[in-house]
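The values are calculated or read from the model by the stated rules, or taken from the named source; none is laboratory data. None of the values given here were measured: they were computed from a predicted structure. Using ideal geometry, Cβ is built from the backbone for each residue, glycine included, and neighbour counts are taken over all protein chains shown.
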Amino acid sequence: MWMRDNGRYDRYREYKETNVKQVLADMNNISEEMLDLAYSAVLYRNREVVKEVLRLEEQMDSLLYNLRVAAILGARNLQDAVELSGILQIASAAENISNAAADIAKTALSVDITCYFDIEDLEEAVVHVRVSSKSPLNGKTLGELMLETETGMRILAIKRGDRWIYSPDRDEVIMENDLLIASGPTDSVPSFYRVVACEDFARSRRSRRMIYEEIADRIAEMKNISELMVGLAYSAVTFQSKEIAEEVAALEERMDRMKDELEMLVMEAAAASNASKKRFNELRGILHVCFSSEIISDAAYEIADIILRDIPMHPVFAASLREMDEVVLKAEVKNAAGRTIESLGIEKKMGMFVLAVRRKDGTWIYNPDEHTILQPDDIIIMRGPKECEEAVRKLLEG
């Protein structure tokens with residue numbers, strides 16, 4: 001926050017000596033966590049989660065400020081300045097993602113649009129599950145349970161009584177009646193639900209008129225693609241892949257078209273003669289989420305743009321990748337040809353979310369489902385827990 005001193009505003013007092021490598025890792029981790037929590041806030045209309053998203057947004061602002069100052073102080077010559085400019089571009093994009101996530105979360109404060117989301121439409125789901133007295137999780141730490149590698153689901157937060165625990169560490173003990181907020185592949189939700197709640201996950205599709213069903217499908221697709229783009233953008237930078245960066249650029253154009261199409265659908269729905277005030281508010285909320293999703297896709301393109309323009313990356317960026325909570329992994333199919341993603345257990349057992357598969361002929365499959373059959377020499381782009389990287393490589397590459 002700006003501080004007044006002798007009639008002028010000074011911000012230098014905010015600066016703290018910064019480890020650029022760690023700040024970059026923190027910004028990446030926070031922006032991804034904010035996205036999951038933001039959609040959780042909307043899907044469950046949870047005001048407490050909205051507050052946490054807004055707190056994280058403030059933290060991101062502070063991190064970006066410190067990173068900018070550290071980058072300026074660290075540039076000793078033109079080469080340093082050029083390489084650090086790429087880092088600042090990534091950091092700025094990460095902050096844009098966090099701002100868009102905060103805008104999505106704020107929607108939950110003013111309007112209920114939960115009826116426009118169906119978990120079956122989402123590639124990555126966010127669920128709230130209460131821990132049963134019969135659950136095998138009771139009394140065990142997250143480190144012992146290794147839920148991300150065992151079920152594919154990552155714990156974002158725990159509500160215990162009136163207290164919230166965000167980003168719980170591996171020493172946090174799960175207790176009966178804890179409310180867990182978790183994210184992961186939609187296909188992993190039923191098994192996770194059974195382990196936590198000790199009952200089957202009830203899939204329910206709310207009744208909607210045809211035009212509203214189309215709006216719901218479109219907003220779910222925009223969510224899926226915007227999150228995919230973020231993962232692919234970081235993959236492009238991690239592997240210095242112009243090919244992946246070009247796919248991000250193509251998806252950004254697709255998102256622009258989808259935004260225009262969704263706007264038309266919403267206007268058509270609003271023009272209906274029987275549209276109530278409640279329905280108008282819902283449609284306004286949908287547009288709010290739509291615009292924020294498109295901003296996220298723009299930020300992903302901004303990250304990939306570094307590769308498209310051949311901006312050299314400072315070595316500190318590669319170092320920051322090792323500090324992140326999740327890794328981005330690229331593997332070539334050698335041993336697993338002819339098997340499905342489900343049979344390999346890449347997502348459900350190892351917690352690696354498959355972003356895309358590139359066929360030998362150059363075609364891409366985005367957000368492949370569990371029934372996708374892998375072919376020889378497929379290239380798979382994934383993200384997930386570091387501890388599974390070696391096992392996944394061994395499974396696919398031998």
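For the list (1) within 21 Å of the chain's Cα centre (by Cα); (2) closer than 16 Å to residue 103 by Cβ, I need the number of the one condition that residue 258 fails.
Unmet for residue 258, out of (1) within 21 Å of the chain's Cα centre (by Cα); (2) closer than 16 Å to residue 103 by Cβ: (2).
Which residue out of 293, 320, 343 is free of Cβ contacts under 8 Å to residues at least 40 places away in the same chain and among the small types (Gly, Ala, Ser)?
Just one listed residue meets the conditions, 343.
Of these, 324, 352, which one is at pLDDT below 90, within 27 Å of residue 145 (Cβ to Cβ) and buried (at least 21 other Cβ atoms within 10 Å of the Cβ)?
Among 324, 352, only 352 is at pLDDT below 90, within 27 Å of residue 145 (Cβ to Cβ) and buried (at least 21 other Cβ atoms within 10 Å of the Cβ).
Which residue pairs have Cβ atoms under 6 Å apart, sit 6 or more places apart or on different chains, and have a first residue in segment 48-76 that is without any contact (Cβ under 8 Å) to a residue 40 or more places away in the chain and a second that is of a type outside the set (Lys, Arg) and surrounded by fewer than 17 Cβ atoms within 10 Å (Cβ to Cβ)?
Every condition considered, the pairs that remain are 75/81.
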